[in-house]
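S.K.: Before I ask anything, let me first share the structure, which is written out below as structure tokens.
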Amino acid sequence: MKMERHLPAAVLAPFVKAYLIIESDEGMQNNTLPDTSVIMSFRFKGTVRLIADANAQLLPEAGITGLRRSARLLKYEPDTANLLVVFQEGGAAAFFKTPLHELFEAQQPLDDLIRIHKIKEVEEQLREAKDHLQRIVIIEQFLLSELRNQRPDLMVDHAVQQIKENSGNIKIKSLAAELYISQDAFEKRFRRNVGTTPKQFAAIVRLRHLLDHYGDADNLTDAAYQAGYFDQAHFIKDFKAFTGQTPQAFFQSAVWW
């Protein structure tokens with residue numbers, strides 16, 4: 001697998017975290033873990049399938065993936081290439097009328113949300129582009145044409161940053177109070193803009209933090225405690241749902257991104 005990362009133009013930086021070009025010359029399987037970003041994908045060459053319960057589902061050429069609580073196994077056929085748009089947390093809401101929580105745990109064709117003739121035009125341009133930099137220019141022009149809101153939701157953005165700065169260990173009720181908004185109104189606004197509840201988002205942040213800092217701990221128990229887990233059974237249950245494996249099996253064998 002070859003992967004290139006490119007940063008967005010300044011005008012899109014508040015909404016887009018990065019563009020990833022993923023190429024597989026020989027084919028591969030990739031276990032993708034839950035993360036905090038909505039992902040838009042364009043496949044300009046080859047085939048990708050989602051493997052679930054021994055079934056292989058062909059993914060659309062252009063699609064969008066919401067936040068999720070569990071890992072996904074993707075199979076890339078030989079000579080396959082994708083361009084991924086990794087949105088900032090809350091950034092995707094600037095491009096779609098659909099509340100993002102409706103995409104939770106979902107992978108949908110992009111033409112469910114955007115007019116199909118625009119998607120087909122972009123797909124054709126990506127296939128004909130001479131290189132990846134030209135493909136990114138095509139995607140940025142497309143995103144700018146779909147941009148509905150010029151500014152992110154500052155309240156939601158602040159909440160996201162607080163959750164991340166605390167590695168997911170934060171009381172949602174206290175966070176809502178700090179923002180001078182009722183917990184119910186806060187959760188509805190957060191779900192619509194980010195794609196899941198603040199509590200579920202915090203759980204994703206906490207487990208991603210554990211994965212990123214696992215090597216800093218003396219052992220798995222210490223890593224769980226440092227991540228805010230004080231109930232081993234709860235930790236193992238969450239971890240297995242998140243990765244599809246027990247912690248011991250995952251850290252012994254997994255390669256993830």
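S.K.: All but one of (1) within 24 Å of Q200 (Cα to Cα); (2) of a type in the set (D, E, K, R); (3) out of contact with any Gly (no Cβ under 8 Å at 6 or more places or on another chain); (4) surrounded by fewer than 20 Cβ atoms within 10 Å (Cβ to Cβ) hold for E89, so report the exception by its number.
M.R.: (4)
S.K.: Another question, then. For L133, indicate whether it is modelled with pLDDT of 95 or more, surrounded by fewer than 14 Cβ atoms within 10 Å (Cβ to Cβ) and farther than 14 Å from E61 by Cβ.
M.R.: Judged against the criteria, L133 is a match.
S.K.: So, restricting to helices (runs of 4 or more DSSP H) that lie completely within the range 200-257, which ones have at least 3 residues that are surrounded by 14 or more Cβ atoms within 10 Å (Cβ to Cβ), among the basic types (K, R) and touching a strand residue (DSSP E or B) at 6+ places or on another chain (Cβ under 7 Å)?
M.R.: none
S.K.: Mind listing just one residue for me: the one in the range 160-195 that is in contact with a Lys or Arg (Cβ under 8 Å, 6 or more places away or on another chain) and of a type in the set (V, I, T) and, of those, surrounded by the most Cβ atoms within 10 Å (Cβ to Cβ)?
M.R.: I172
S.K.: Using the structure shown, decide if E140 is under 21 Å from the mean Cα position of the chain (by Cα), in the same structural domain as G90 (by TED's automatic domain parsing) and not hydroxyl-bearing (S, T, Y).
M.R.: Taking the combined requirement at face value, the residue satisfies it.
S.K.: Looking at L175, is it touching a Pro at 6+ places or on another chain (Cβ under 9 Å) and under 22 Å from A71 (Cβ atoms)?
M.R.: no
S.K.: Right, next: Given the conditions (1) outside any strand (DSSP E or B); (2) hydroxyl-bearing (S, T, Y); (3) in contact with a Leu (Cβ under 6 Å, 6 or more places away or on another chain), and given that S41 satisfies all but one, which numbered condition is not satisfied?
M.R.: Just one mismatch for S41, condition (1).
S.K.: Check off (1) surrounded by fewer than 19 Cβ atoms within 10 Å (Cβ to Cβ); (2) of a type in the set (A, V, I, L, M, F, W, C); (3) in contact (Cβ under 8 Å) with a residue 60 or more places away in the chain for L58 and give me the number that stays unchecked.
M.R.: (3) is the only condition that L58 fails.
S.K.: To continue, here is another question. Which helices (runs of 4 or more DSSP H) does the range 73-183 wholly contain that include 2 or more residues that are within 21 Å of A18 (Cα to Cα) and touching a residue at least 40 places away in the same chain (Cβ under 8 Å)?
M.R.: Those helices (runs of 4 or more DSSP H) span 116-128, 132-146, 154-165.
The values are calculated or read from the model by the stated rules, or taken from the named source; none is laboratory data. Being a predicted model, the structure only gives us computed values, none of them experimental. Cβ sites come from the backbone with ideal geometry, for glycine too, and all protein chains shown count toward neighbours.
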